[in-house]
1. Under a GNM of the chain (C-alpha, springs under 10 Å), which listed residue has the highest mean-square fluctuation: 27, 14, 59?
2. Restricting to lysines 8 or more places apart or on different chains, can you count the pairs in the chain with Cα atoms under 30 Å from each other?
3. Once you list every other residue whose beta carbon is under 14 Å from the beta carbon of residue 36, what net charge do they have if Lys and Arg are +1 and Asp and Glu are -1?
4. Under 25 °C and 0.890 mPa s, how fast does the chain diffuse according to Stokes-Einstein, given a Kirkwood radius computed over C-alpha pairs? Answer in µm²/s, whole number.
5. How big is the dipole moment of the range 38-78 about its Cα centre under a simple scheme where the beta carbon of each Lys and Arg is +1, that of each Asp and Glu is -1, and everything else is neutral? Debye, nearest 20, please.
6. Once you charge only the Cβ atoms, +1 for Lys and Arg and -1 for Asp and Glu, what is the size of the charge dipole of the chain about its Cα centre, to the nearest 20 debye?
Amino acid sequence: MFAVIKTGGKQYRVAANDVLTIEKLDVAAGDSIEFTEVLVVGVGADATFGAPFVAGASVKAEVVEHNRGKKVISFKKRRRQNSKRSRGHRQHHTVVRITDIVAA
């Protein structure tokens, strides 16, 4: 059984025991969380599609850890002006393990 969930402005295809990295959630490590914005749920051709969400469907997960992504460098230079600027950014992520998929 699989499901397509929406979190952090992105969509993820998940199944039981999957580990995925998503945008940061304000939940402590070790806690459980429930995703209610389920777009698709089912097995193969018997999938149920929502409009936009499947009523009564949810995906349960547990938070494994919080970490940060790779550093992204933003570098701007103006030629012949002796002007340059460099900035770095590291995005915060949450690692979750899918424990259960509940269909309607």
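1. Judging by the Gaussian network model, the answer is 27.
2. 17
3. Working: positive: 6, 60; negative: 34, 37, 100.
Computed value for this residue: -1.
4. Working: Rh = 15.7 Å.
Answer from the Stokes-Einstein relation: 157 µm²/s.
5. Details: 7 positive and 3 negative charges, 168 e Å.
Here the range 38-78 has a charge dipole of around 800 debye.
6. Values: 18 positive and 10 negative charges, 382 e Å.
Here the chain has a charge dipole of around 1840 debye.
No value in this document is a laboratory result; all are computed from the given coordinates. All figures in this text were calculated on a predicted structure; none of them were measured in a lab. Here the Cβ is made from the backbone with ideal geometry for all residues, glycine too, and neighbour counts use every protein chain on show.
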